[in-house]
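A quick write-up on the structure given underneath.
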Amino acid sequence: MVLITDSGATKADWIAMDSQGDQLFMTQTLGLSPEVLSKEVIEERLANNFELAKNSHKVTRLYFYGAGCGTERMRRFLREIFGEFFPKAKVVVKEDTYAAIYSTTKVGHQGIVCILGTGSNCSYYDGHQLFQKVTSLGYILMDDGSGNFFGRKLVRDFYYHKMPQDLAHLFEKEYNLDADVIKENLYKKPNPNTYLATFARFIVEHKEHPYCKGVIDKGFQQFINNHVMQFELATKVPVHFVGSIAYYLQEELKAVVERNDLVLGQIRQRPIEGLVEFHKETI
């Protein structure tokens, strides 16, 4: 049994295939980002999934693509956990950028591949190898244009009284904005980046409001400036996007891409389907 996993900070999609490439099952867990979760939390999320627990000894190969797997230390941390949970499996752990690349860009084709989901990332693929100009320092310092980026902006603007009054009233009705609740989620509970990203749904639902339009436009432009434009070939190769923020705000994203004379490639909500097709060729 071969397991293919695409894990963002919020959730992880798992697809199991047999030796012929036929799907056996598809399931989902909460995200397994090693940057923000302990060994115990990751083990618990695996064990609490019925399909994974039931089939743990049948898995012979695991291809895991995950947020927070950009350093060898984090990849090794996960390999050790997966090695214990799937004792017969050969485990390959790569950062989620590879999932985005394999699901949008064919081998041998150049492109810039961006992730705009709970977090954000950007890489250049020359058709064979991945290159990054910016090393991510995580959700506190980076993640431009992502769900947690927009969520943080909304909460800050609400508390600084910079959000228009009509929107602030709706925002307050929809979320628990008590300071103690926010601080507990940010500083005492796991996945603070995922918590911040929950507020981004508000900006999607109210994207036609002038305030939200401005926030979205500036956030995407900041991402283009800080990430995409780092590459000399930025305006000459397709720029692909993967993630829920890119998908649900694709019209706004397209406008920023066109304004910067970029060539828009694919926009995918989730890369898991493309990953399956990629790995079917290697089974």
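The values are calculated or read from the model by the stated rules, or taken from the named source; none is laboratory data. Just so you know, these numbers come straight off a predicted model, no measurement behind them. Positions of Cβ are generated from backbone atoms using ideal geometry, with glycine treated the same way; all protein chains shown enter the neighbour counts.
Quick notes on this one:
- Qualifying residue in the stretch 217-228 (condition: in contact (Cβ under 8 Å) with a residue 24 or more places away in the chain and closer than 17 Å to residue 156 by Cβ): yes
- Of all residue pairs spaced 6 or more apart or on separate chains, those with beta-carbon atoms under 7 Å, a first member in the stretch 145-166 that is more than 19 Å from residue 185 (Cβ to Cβ) and a second member that is charged (D, E, K, R) and assigned to a helix (DSSP H, G or I) are 163/157.
- Some residue of the stretch 132-151 being part of a strand (DSSP E or B), touching a helix residue (DSSP H, G or I) at 6+ places or on another chain (Cβ under 8 Å) and closer than 30 Å to residue 180 by Cβ: no
- Across the stretch 88-108, the number of residues qualifying as more than 27 Å from residue 77 (Cβ to Cβ) and touching a residue at least 24 places away in the same chain (Cβ under 8 Å) comes to 2.
- Checking the stretch 145-153 against the condition returns no match, with no residue being surrounded by fewer than 24 Cβ atoms within 10 Å (Cβ to Cβ) and touching a Phe, Trp or Tyr at 6+ places or on another chain (Cβ under 7 Å).
- With respect to the conditions (1) over 26 Å from residue 42 (Cβ atoms); (2) β-branched (Val, Ile, Thr); (3) touching a Lys or Arg at 6+ places or on another chain (Cβ under 7 Å), residue 263 lacks only one, and its number is (3).
- Residue check for residue 256: buried (at least 20 other Cβ atoms within 10 Å of the Cβ), outside any helix (DSSP H, G or I) and β-branched (Val, Ile, Thr): no
- Check on residue 103, touching a Pro at 6+ places or on another chain (Cβ under 7 Å), closer than 18 Å to residue 248 by Cβ and not basic (Lys, Arg): yes
- Those residues of the stretch 77-135 which are under 28 Å from residue 46 (Cα atoms) and of a type in the set (Phe, Trp, Tyr), in sequence order: 77, 82, 85, 86, 98, 102
- Residue check, residue 138 of a type outside the set (Phe, Trp, Tyr), touching a residue at least 40 places away in the same chain (Cβ under 8 Å), surrounded by fewer than 20 Cβ atoms within 10 Å (Cβ to Cβ) and on the phi > 0 side of the Ramachandran plot: yes
- Scoring residue 248 on the criteria (1) within 19 Å of the chain's Cα centre (by Cα); (2) free of Cβ contacts under 8 Å to residues at least 12 places away in the same chain leaves a single failure, condition (2).
- Any hit, the stretch 264-282, residues being over 29 Å from residue 13 (Cα atoms) and either over 17 Å from the mean Cα position of the chain (by Cα) or in a strand (DSSP E or B) (or both): no
- Just one of the listed residues (197, 234) is in contact (Cβ under 8 Å) with a residue 40 or more places away in the chain and in a loop (DSSP other than H, G, I, E, B), namely 234.
- Pairs with Cβ under 9 Å, 6+ apart, first in the stretch 38-51 and closer than 18 Å to residue 73 by Cβ, second among the basic types (Lys, Arg) and part of a loop (DSSP other than H, G, I, E, B): none
- Of 138, 147, 214, 127, all but one fail to be touching an Asp or Glu at 6+ places or on another chain (Cβ under 7 Å) and either modelled with pLDDT of 95 or more or not hydroxyl-bearing (Ser, Thr, Tyr) (or both); the exception is 138.
- Filtered residue count, the stretch 170-182, keeping only those that are assigned to a helix (DSSP H, G or I) and loosely packed, with under 11 Cβ neighbours inside 10 Å: 3
- The sole residue among 42, 4 that is of a type in the set (Val, Ile, Thr) and farther than 13 Å from residue 276 by Cα is 42.
- For the stretch 245-263, taking the residues that are out of contact with any helix residue (DSSP H, G or I) (no Cβ under 7 Å at 6 or more places or on another chain) and not aliphatic (A, V, I, L, M), the one that is nearest to residue 103 (Cα to Cα) is identified as 247.
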